[in-house]
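See structure below.
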Amino acid sequence: MQTLAHEALASIDDQARHLAQEHLSGGITDEAVRHRFAELIFTTQVARDVTRSLRAPSCDWEDIEGAVSETLLLKTYAGAGDGGLDVARIADGASLTGWARQLGKRIASSKRRDQMNANSKSAPFAPTGTPGEPTPFEHVSVAAAGADERLDEEHDQGVLLAFREQIANAVHAATRTRTQARAVRTTFDLPQVVADPNPLTTYLARQAIEANPAAALDSLRNRHTRSCDPLLSPMWDSYSEEDGANVETLVSQWGYQAAVLLIQEAVVAQARPPAIKVRAMTEEIVSWSRSLGWSSATARLVEAYLAVACTPLCAGDRRKPSPELDEVLDARRATALTWDQVVAEHLVAYPTSPAGTTPEQIAATMDALLEDALEPEPTNQAVNAADLNLA
């Protein structure tokens with residue numbers, strides 16, 4: 001997609017000025033004019049453009065773009081006295097697109113600095129220019145001299161960093177995706193896509209979207225036909241024909257990823273809690289009953305739920321890629337598929353289970369426990385590093 005031409009931006013600014021003047025004359029409310037401003041800003045794709053203009057690797061773009069989109073939306077709806085958009089200035093001829101671009105650049109630059117600071121703290125070797133470390137030019141001579149061991153070590157470290165970045169991105173995807181989707185839905189007045197209450201159905205929907213992102217839009221378009229997707233199409237039940245048409249408008253501007261984002265908001269995996277939190281979840285449920293076998297049954301229930309609802313690894317996991325870790329990941333994916341069976345066996349063994357007497361109640365109980373587990377700890381509370389490493 002190309003950046004909007006100057007004429008198109010000028011047309012958007014003209015529309016914004018007329019809307020602002022109409023508001024000041026009492027024709028439309030403050031909320032309504034800001035809603036229209038948000039729509040206009042999103043059509044410029046300013047968040048994407050300012051993100052791509054940075055000297056940042058593409059793997060970092062999503063985080064930056066999400067931060068820009070979220071803050072622009074908040075500032076658009078905030079009043080001038082709260083540091084937000086000044087409607088009176090727009091009415092006087094100030095450029096809405098210019099305001100969004102300048103603010104977007106500041107947000108993007110700030111987010112990029114945060115990323116670089118975080119990367120420098122986690123890097124296993126010193127940055128270029130640190131005394132005692134070879135510069136990029138010195139690396140060339142080192143390689144020429146046949147010192148392959150150091151280069152192999154740095155390659156391994158780079159692979160490890162990339163692996164851990166992948167884990168972190170997956171863990172933070174829930175917050176980022178929901179923030180972006182909420183911004184889009186608020187701007188275009190769309191309802192939330194509704195996930196199935198069964199965590200396994202949601203897990204399978206998530207897998208389907210990851211395997212074929214275009215299926216999100218197809219499931220919306222075909223929801224009332226014989227070609228409807230039995231897994232994804234029911235998620236659009238809250239959408240009217242007008243809502244569907246609005247999504248098509250979004251897709252015409254941003255591509256099918258707009259539909260993907262709306263579905264991902266409902267199915268994205270939560271962050272897996274660290275081991276100390278998993279133990280707390282299990283101990284909480286164990287304390288609810290003294291029935292025979294209850295402790296082992298609840299441990300199995302917790303593990304099945306975490307496998308079906310969460311990322312395979314937690315953000316603090318420091319293990320390196322290895323065959324052993326691959327086995328852990330494969331086991332957790334397999335465990336996710338056992339959710340329905342684990343719940344059914346639990347209800348047969350404990351018909352009056354305090355965790356719930358129906359699959360829906362048990363899922364809701366586990367949802368609440370996970371939400372509590374993901375609450376951030378007070379900053380002054382010490383946590384054993386070993387507890388954060390494995391989960």
| message | I'm trying to understand the selection: among the residues of the stretch 218-235, which are over 14 Å from Y256 (Cβ atoms) and part of a helix (DSSP H, G or I)? | response | S233, P234, M235
| said: Quick test of your reading of the structure: P312 fulfils all but one of (1) buried (at least 18 other Cβ atoms within 10 Å of the Cβ); (2) under 24 Å from the mean Cα position of the chain (by Cα); (3) part of a helix (DSSP H, G or I); (4) not charged (D, E, K, R). Name the failing condition by number. | reply: (3)
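Given the structure, is T29 β-branched (V, I, T), at negative phi and open to solvent by 60 Å² or more (accessible area, probe 1.4 Å)?
Values: β-branched (V, I, T): yes; at negative phi: yes; open to solvent by 60 Å² or more (accessible area, probe 1.4 Å): yes.
Criteria met by T29.
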| query | Looking at the stretch 192-207, which of the residues that are in a helix (DSSP H, G or I) and open to solvent by 30 Å² or more (accessible area, probe 1.4 Å) is farthest from T358 (Cα to Cα)? | reply | Q207
| note | (1) touching a Ser or Thr at 6+ places or on another chain (Cβ under 7 Å); (2) touching a residue at least 24 places away in the same chain (Cβ under 8 Å); (3) not hydroxyl-bearing (S, T, Y) all hold for Q270 apart from (1)
| message | Out of the helices (runs of 4 or more DSSP H) lying entirely within the stretch 331-391, which hold 2 or more residues that are at pLDDT 90 or above and surrounded by 13 or more Cβ atoms within 10 Å (Cβ to Cβ)? | response | 339-349, 359-373
| said: For the stretch 344-365, give me each residue that is under 28 Å from the mean Cα position of the chain (by Cα) and of a type in the set (A, V, I, L, M, F, W, C). | reply: I362, A363, A364
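Determine whether the stretch 260-270 contains at least one residue that is closer than 30 Å to R221 by Cβ, touching a strand residue (DSSP E or B) at 6+ places or on another chain (Cβ under 6 Å) and buried (at least 18 other Cβ atoms within 10 Å of the Cβ).
Keep residues of the stretch 260-270 that are closer than 30 Å to R221 by Cβ, which gives 260-270.
Filter again for touching a strand residue (DSSP E or B) at 6+ places or on another chain (Cβ under 6 Å), leaving 269-270.
Within this subset, residues satisfying the condition of being buried (at least 18 other Cβ atoms within 10 Å of the Cβ) are 269-270.
Yes, there is a match, as at least one residue in the stretch 260-270 is closer than 30 Å to R221 by Cβ, touching a strand residue (DSSP E or B) at 6+ places or on another chain (Cβ under 6 Å) and buried (at least 18 other Cβ atoms within 10 Å of the Cβ).
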| query | Taking the stated definitions as given, is W294 at pLDDT 95 or above and either within 25 Å of the chain's Cα centre (by Cα) or open to solvent by less than 10 Å² (accessible area, probe 1.4 Å) (or both)? | reply | yes
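Report the residue count in the stretch 42-100 for those that are polar (S, T, N, Q), touching an Asp or Glu at 6+ places or on another chain (Cβ under 7 Å) and in a helix (DSSP H, G or I). Explain how you work it out, then say what you get.
Here is the first cut: in the stretch 42-100, the ones polar (S, T, N, Q) are 43-45, 51, 53, 58, 69, 71, 76, 95, 97.
Then drop every residue that is not touching an Asp or Glu at 6+ places or on another chain (Cβ under 7 Å), which leaves 51, 95, 97.
The next check asks that each one be in a helix (DSSP H, G or I); those that pass are 51, 97.
Adding up the residues that qualify gives 2.
The values are calculated or read from the model by the stated rules, or taken from the named source; none is laboratory data. Computed from a predicted model, the values in this text were never measured in an experiment. Counting neighbours? That spans all protein chains shown, and the Cβs are built from the backbone with ideal geometry, glycine included. Protein only, heavy atoms only, side chains kept; ligands, DNA and RNA dropped before computing areas. Shrake-Rupley method; radii C 1.70, N 1.55, O 1.52, S 1.80 Å.
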